[in-house]
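*Asks:* Pasting a structure here, questions to come.
The values are calculated or read from the model by the stated rules, or taken from the named source; none is laboratory data. All values reported here derive from a predicted model rather than from experimental measurement. Quick reminder, even Gly has a Cβ in these numbers, built from the backbone with ideal geometry, and neighbours come from all protein chains shown.
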Amino acid sequence: MTTMKRTKNIRAALYARVSTGDQDVGLQLDELRAVAQQRGWTIQAEYVDEGVSGSTESRPALDQMLAAARSGKIELVACWRFDRFARSTSHLLRALEEFRVLGVSFVSLREQVDTTTPVGKVLFTLIAAIGEFEKALIVERVKAGVARAQLQGKNCGRPRRELDLRAAEILIGQGHSVRQVAVMLTVPRGTLRRRLQEAGSKVPVPEPVENPA
């Protein structure tokens with residue numbers, strides 16, 4: 001194993017996981033503790049999920065560790081290998097992006113990933129860029145899908161509620177307020193007001209009056 005940079009007085013959390021009760025988590029913890037001692041970390045806590053599948057993102061010890069990171073109790077998270085920590089690549093990227101925002105460093109022993117180093121900090125920057133790129137792709141896909149559906153005559157929003165605007169106009173003309181008519185027709189007042197305005201109704205629709213302070 002390549003010697004990692006010594007970083008003293010860092011409050012570290014060690015995370016380990018095994019998927020079955022027959023497996024021994026000791027190997028992971030032994031290596032993590034050895035690196036912590038070598039680099040002068042203060043082990044704030046050890047979080048261990050035993051007999052927990054890696055196919056789920058929510059695990060008791062992992063959730064506790066993330067809560068500790070969010071509350072500022074730890075400054076570094078160390079794991080034995082990526083697949084002990086993350087369920088998938090996307091899960092790993094989301095976690096690393098959150099650590100970056102929180103100012104929490106991340107170390108994976110087997111992959112030699114160490115974000116306390118200059119090279120590791122570049123990794124955080126790349127992760128942030130990948131996350132933004134992924135969001136942009138999703139937005140573009142959604143926009144393209146909506147545009148295509150609209151060209152095909154499909155309504156991509158909420159279905160518009162049918163309103164008897166003629167009845168609403170008659171009731172308002174008889175002196176009932178928009179609020180009263182909305183209650184009679186069981187429709188939100190704002191929706192009724194907007195639909196009357198969209199239809200170019202000649203019945204005067206008073207603007208809502210704010211309650212005096």
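*Asks:* Residue under question is Val139, and the condition is that it be at pLDDT below 75, of a type in the set (A, V, I, L, M) and loosely packed, with under 11 Cβ neighbours inside 10 Å; does it hold?
*Replies:* Taking the combined requirement at face value, the residue satisfies it.
*Asks:* Then there is this: Evaluate the following for Ile10: is it surrounded by 13 or more Cβ atoms within 10 Å (Cβ to Cβ) and in contact with an Asp or Glu (Cβ under 7 Å, 6 or more places away or on another chain)?
*Replies:* Against the criterion (surrounded by 13 or more Cβ atoms within 10 Å (Cβ to Cβ) and in contact with an Asp or Glu (Cβ under 7 Å, 6 or more places away or on another chain)), Ile10 qualifies.
*Asks:* So, one more: Residues in the range 99-113: is at least one within 16 Å of Gln28 (Cβ to Cβ), surrounded by 17 or more Cβ atoms within 10 Å (Cβ to Cβ), of a type outside the set (Val, Ile, Thr) and modelled with pLDDT under 80?
*Replies:* Checked against the condition, which is being within 16 Å of Gln28 (Cβ to Cβ), surrounded by 17 or more Cβ atoms within 10 Å (Cβ to Cβ), of a type outside the set (Val, Ile, Thr) and modelled with pLDDT under 80, the range 99-113 yields no hits at all.
*Asks:* Something else: Can you tell me which residue within the range 143-163, out of those that are among the small types (Gly, Ala, Ser) and under 28 Å from the mean Cα position of the chain (by Cα), is modelled with the lowest pLDDT?
*Replies:* It comes out as Gly157.
*Asks:* Another question about this same structure. Which condition breaks for Thr3 when tested against (1) closer than 19 Å to Thr117 by Cα; (2) at pLDDT 90 or above; (3) not small (Gly, Ala, Ser)?
*Replies:* (2)
*Asks:* Could you look through the range 185-202, keep only residues that are exposed (fewer than 13 other Cβ atoms within 10 Å of the Cβ) and at negative phi, and pick out the one that is modelled with the lowest pLDDT?
*Replies:* It comes out as Lys202.
*Asks:* With the condition kept exactly as written, say whether any residue in the range 50-58 is under 21 Å from Arg11 (Cβ atoms) and either buried (at least 16 other Cβ atoms within 10 Å of the Cβ) or out of contact with any helix residue (DSSP H, G or I) (no Cβ under 6 Å at 6 or more places or on another chain) (or both).
*Replies:* No.
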